[in-house]
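Q: Sharing a structure here in structure tokens format.
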Ligand code: GDG
């Protein structure tokens with residue numbers, strides 16, 4: 001069996017359960033092959049030299065973790081700049097929030113080159129490489145230029161935008177051409193694959209070699225959708241563990257007279273959090289029977305606080321929540337509970353189980369794992385209802401959720417009302433179908449199908 005080498009911007013110690021399902025799933029495959037996980041250490045070195053960073057290696061069981069520091073200038077241009085102020089907003093269709101500062105691209109290239117330079121001497125001839133996400137799009141091209149012949153696969157966790165949105169990035173052709181240095185490109189959904197295919201047909205005069213392979217820009221690449229799943233068994237275990245049970249019981253007692261609606265996200269403008277509050281307000285307005293009852297709990301964990309768009313979002317959200325509470329709240333009922341902090345992972349399933357409605361309403365999302373976690377945490381005998389944005393990658397799979405358009409405030413309020421009123425038999429039937437699909441396409445399926453496709457790509 002080839003040794004697996006995973007490359008991602010950040011690493012997590014796969015032995016720690018707090019690392020979350022993805023790290024654990026990758027860790028499992030890394031463990032089986034005595035693998036290597038490579039990425040940024042998370043350290044920012046003041047006064048360091050651009051394009052240079054110290055390499056650290058340590059063992060985590062059978063897995064070697066190899067990390068590189070970034071100097072301040074590289075961190076600001078590669079991470080904050082090109083990755084999070086150009087690629088993240090554009091790939092989520094938010095051209096209005098993109099900052100096309102011309103200095104960022106040099107840092108992005110420099111760090112990808114440095115990663116390739118540091119990684120190359122650590123590689124063995126029969127390794128198989130799996131690169132993750134938008135921070136590292138050109139990594140394979142850099143590795144190939146240095147003579148790397150191993151199989152390399154890439155998985156994009158965020159959406160692939162339609163060609164005309166992609167074309168707004170000044171370096172769009174270079175980015176897309178770089179993807180042809182991989183043997184396999186994995187995307188979250190069929191919509192993403194169709195955007196990729198249309199782009200390379202229009203801009204790269206791509207030819208179809210077969211159903212999954214495209215030839216363009218002087219190369220050939222296999223492109224497929226691999227919708228990421230969650231570790232259903234692990235999340236089920238977590239749901240029945242003491243911390244989650246305690247959280248569930250506390251919530252049930254505290255809100256015994258109320259109906260809970262829950263949103264859990266990183267505080268990101270792609271997640272449609274203000275739109276959710278507006279729809280909740282509309283619910284209280286249009287369906288007054290929910291007053292003094294429906295309570296929206298929103299956990300919005302801090303992320304990328306030093307990017308301007310995030311500070312604006314925080315302010316907007318605080319204003320919206322304050323207004324709903326001021327206009328509708330009673331002495332003994334606060335309609336919105338907004339928490340701008342991370343809650344412990346072991347408490348998340350208990351919160352999900354206590355909520356009659358799970359609100360997952362991104363404006364655009366590669367997949368959205370919270371939607372899947374909410375479903376798995378439910379009591380099958382009395383499950384809550386998932387209200388899911390049609391713009392989340394997860395909507396391609398989770399058809400039995402109530403699918404909504406987060407821009408349509410009234411429509412979303414109506415769907416929330418439908419969720420609150422849904423008869424038990426219908427809730428059970430929908431939940432059963434959703435669970436079957438989540439089990440079939442869990443994170444282990446995702447990992448195995450990607451790695452199988454990579455092993456056999458181009459044969
Ligand atoms: C990217 C793509 C794609 C959130 N708040 C807390 C918390 N979380 C956990 C959730 C879930 C994870 O973080 C978030 O996953 P998502 O999938 O929703 O979103 P992104 O972070 O944007 O991830 C996305 C994903 O990659 C995987 O490919 O699905 O589309 O954008 O697990 O539970 N966990 C804890 N406290 C919180 O406050 N402990």
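Q: Measure nothing but the geometry: give the 0 to 90° angle between the long axis through the Cα atoms of 409-421 and the longest principal axis through the Cα atoms of the chain, rounded to 10°.
A: 60 degrees
Q: For labels at residue 424 and residue 43 in the simple 7 Å Cα→Cβ model, what's the distance in nm?
A: For residue 424 paired with residue 43, the spin-label model returns 5.9 nm.
Q: Shape call for the range 232-440 from the C-alpha gyration tensor, a ≥ b ≥ c root eigenvalues: rounded (a/c under 1.5), prolate (a/b greater than b/c) or oblate?
A: rounded
Q: Between residue 440 and residue 311, what length in nm is gained on full extension when 0.36 nm per residue of separation is reduced by their alpha carbon distance?
A: Contour length minus Cα-Cα distance gives 42.5 nm.
Q: Compute the separation of the alpha-carbon centres of the range 409-433 and the range 84-101 and state it in Å as a whole number.
A: About 34 Å separates the Cα centre of the range 409-433 from the one of the range 84-101.
Q: Relative to the present Cα-Cα distance, how much length would full extension add between residue 254 and residue 126 at 0.36 nm per residue of separation?
A: Full extension from residue 254 to residue 126 adds 40.4 nm.
Q: At residue 72 and residue 207, where each label point lies 7 Å from the Cα along Cα→Cβ, what is the point-to-point distance in nanometres?
A: 5.3 nm
Q: What relative contact order, as a whole-number percentage, does the range 346-428 give when Cα pairs under 8 Å and 6 or more residues apart are counted?
A: Worked out over the range 346-428, it gives 31 percent.
Q: Using Cα atoms only, what is the angle between the long axis of helix 104-119 and the major principal axis of the chain, expressed in degrees (0 to 90) to the nearest 10?
A: Here the helix axis deviates by roughly 70 degrees.
Q: In terms of the Cα gyration tensor, with a ≥ b ≥ c the square roots of its eigenvalues, is the chain rounded because a/c is under 1.5, prolate because a/b exceeds b/c, or oblate?
A: Cα axes put the chain in the prolate bin.
Q: As a check on your grasp of the helix formula, calculate [θ] at 222 nm for the chain: sum -39500 (n - 2.57) over DSSP H runs of n ≥ 4, divide by the residue count, round to the nearest 500.
A: Result for the chain: -12000 deg cm²/dmol, rounded to the nearest 500.
Q: Rounded, prolate or oblate, given the Cα gyration tensor of the range 69-160, with a/c below 1.5 counting as rounded?
A: oblate
Q: Could you list 149, 346 so that the one with the fewest beta carbons within 10 Å of its beta carbon is first and the one with the most is last?
A: Fewest to most other Cβ atoms nearby, the residues stand as 149, 346.
Q: R0 = 35 Å: FRET efficiency of residue 433 with residue 10, Cβ-based, nearest 0.05?
A: 0.50
Q: I've got another one for you. How many nm separate the modelled label positions at residue 339 and residue 408, each set 7 Å beyond the Cα in the direction of the Cβ?
A: 3.3 nm
Every number here is computed from the coordinates shown, using simple stated rules; none is lab data. What you are looking at is a predicted structure, and each value in this text was computed from that prediction instead of being measured. Methodologically, a virtual Cβ is constructed for each residue, glycine included, from the backbone with ideal geometry; neighbour enumeration extends over all protein chains shown.
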